[in-house]
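The values are calculated or read from the model by the stated rules, or taken from the named source; none is laboratory data. What you see is a predicted model, and the numbers here were worked out from it, not measured in a lab. All Cβ positions, even for glycine, are placed from backbone atoms using ideal geometry, and neighbour counts span all protein chains on display. Note: accessible area is taken over every heavy atom of the protein model, side chains too, but ligands, DNA and RNA are not part of it. Shrake-Rupley method; radii C 1.70, N 1.55, O 1.52, S 1.80 Å.
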Amino acid sequence: MFHGRTIYIKRDDLVDPDLSGNKFRKLFFLLNTPSANYKRIISYGGSQSNAMASIAALCKRKGWTFLYITKTLSKTLRDAVQGNLASALSDGMQLLEVEHAAYENVIRSLYTPTPDSRIASYEGDLLLAQGGADLGAKAGIKVLAQEIQQWREEQHIQKLTVITPSGTGTTALYLAKYMEETKVMTTALVGSKAYLQEQMSSLESIPDNLNILETSKKYHFAKPYKEYVEIYEMMKEQEIEIDLLYAPKMLLALGEKMSEIEGDILYVHSGGTKGNTSMLGRYKRKGFFTP
Ligand SMILES: *Cc1c(COP(=O)(O)O)cnc(C)c1O
């Protein structure tokens, strides 16, 4: 129940024990790649990223080395490594910390290596963009779309709106592409709506059935908000643990739009709950959460 209405939830958070929800979908093409095709995966991004932890689990299964580049860790995190970072390190991830000022250059040099690049490239390397925003992600999201379509037919659902939050927008974009008759609604978590559109367009043109919602209040990525924890607890009472980075803003945006949505609503739960331990710690320090 959400705002007095029943919404369906696709429990994609349970799709794999180690790879979180939509990261399993986005990395599906690599799960199905023979181990011998690569030796090492290189990626980059935030130090508590869900994608990072999932790529680490994937590489462990495949026997690939995983090199991850991030900005110098905060002292709090270094003193008590937890959440996705702890999980990725225990899966054997090699972490390369780069000072903030040099980070952009180091990432750029991954794409256009020069003889003095900090990271040497070898045969058997695969470079994955931040958050797994890769064309290869299509394959797994297509399977997700097919599962939703099949469920929809079984339930005889006429009008369906699928809701899923966006980081890079890869999941929402390909879901909309593969479900032309379904409305897909998302919201931008990292940066503005314009930035999300730009990110999506760099993969493929944005289809008409994809709608990017906004919330009346602005929220910054990975910051704790009282409204977020309220929605988290409301869902928890209904025995569903949502992630604290993406889901709350999406559900707030949905709440604002809800009265205009006809037919049934399906929320795709994309996992990410492993990152909750570190987020809940921050909420507790802020006094927002007192169980
Ligand atoms: C990574 C992630 C997203 C964002 O997925 P994109 O394909 O990058 O838009 C949304 N929700 C959760 C829980 C995630 O881990």
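Computed values, structure above
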quantity: Shape call, the stretch 103-191: gyration tensor on alpha carbons, a/c limit 1.5; calculated: prolate
quantity: Sites ARG78 and LYS226, calculated FRET efficiency, Cβ-Cβ separation with R0 25 Å, nearest 0.05; calculated: 0.35
quantity: At R0 = 25 Å, FRET efficiency that the Cβ-Cβ distance of LEU14 and GLU153 yields, to 0.05; calculated: 0.70
quantity: Principal axes of the stretch 150-195: Cα extent on each, largest first, Å; calculated: 37, 14, 13
quantity: Accessible surface of the stretch 22-134 [probe 1.4 Å, protein heavy atoms]: carbon and sulfur percent; calculated: 52 percent
quantity: Net lengthening on full extension, LEU135/LYS60 (0.36 nm per residue, minus Cα-Cα); calculated: 24.8 nm
quantity: Relative compactness, the chain, computed as alpha-carbon Rg over 2.2 N^0.38 Å; calculated: 1.00
quantity: Two-site FRET efficiency, GLU180 against GLU237, from Cβ-Cβ distance with R₀ of 45 Å, rounded to 0.05; calculated: 0.80
quantity: Accessible area expressed per residue, the stretch 22-134, with surrounding protein chains retained (probe 1.4 Å, Å²); calculated: 48 Å²
quantity: Burial order of peptide ranges 252-260, 274-282 (average beta-carbon count within 10 Å, highest first); calculated: 274-282, 252-260
quantity: Fraction of antiparallel bridges per DSSP, the stretch 22-134 only, in percent to nearest 5; calculated: 0 percent
quantity: Length-normalised contact order for the chain - Cα pairs under 8 Å, 6+ apart - percent; calculated: 23 percent
quantity: Under 12 Å, Cβ to Cβ, from GLU214 - net charge with Lys/Arg +1 and Asp/Glu -1; calculated: +4
quantity: Label point distance in nm, SER202-SER121, each placed 7 Å from Cα along Cα→Cβ; calculated: 1.6 nm
quantity: Relative pair counts by distance (%), Cα atoms of the stretch 22-134, 5 Å bins; calculated: 2, 12, 23, 25, 20, 13, 5, 1
quantity: Cα lying deepest toward the dipole's positive end in the stretch 162-279, options GLY271, THR171, LEU196, charges on Cβ; calculated: LEU196
quantity: The stretch 211-284 and the stretch 96-164: distance between their alpha carbon centers, rounded to Å; calculated: 22 Å
quantity: Burial ranking of peptide ranges 131-144, 84-97 (average Cβ count within 10 Å, highest at the top); calculated: 131-144, 84-97
quantity: Antiparallel DSSP beta bridges within the chain, as percent of all bridges there, nearest 5; calculated: 5 percent
quantity: Expected 222 nm ellipticity per residue - DSSP helices of 4 or more, -39500 (n - 2.57), all of the chain, to 500; calculated: -12500 deg cm²/dmol
quantity: Mean Cβ count within 10 Å, highest first, over the residues of peptides 63-74, 176-187; calculated: 176-187, 63-74
quantity: The stretch 22-134, relative contact order [Cα under 8 Å, separation at least 6], %; calculated: 35 percent
quantity: The stretch 209-284 - percent of accessible surface contributed by carbon and sulfur, probe 1.4 Å; calculated: 47 percent
quantity: Accessible surface of SER47 - all protein chains present, 1.4 Å probe, nearest 10 Å²; calculated: 30 Å²
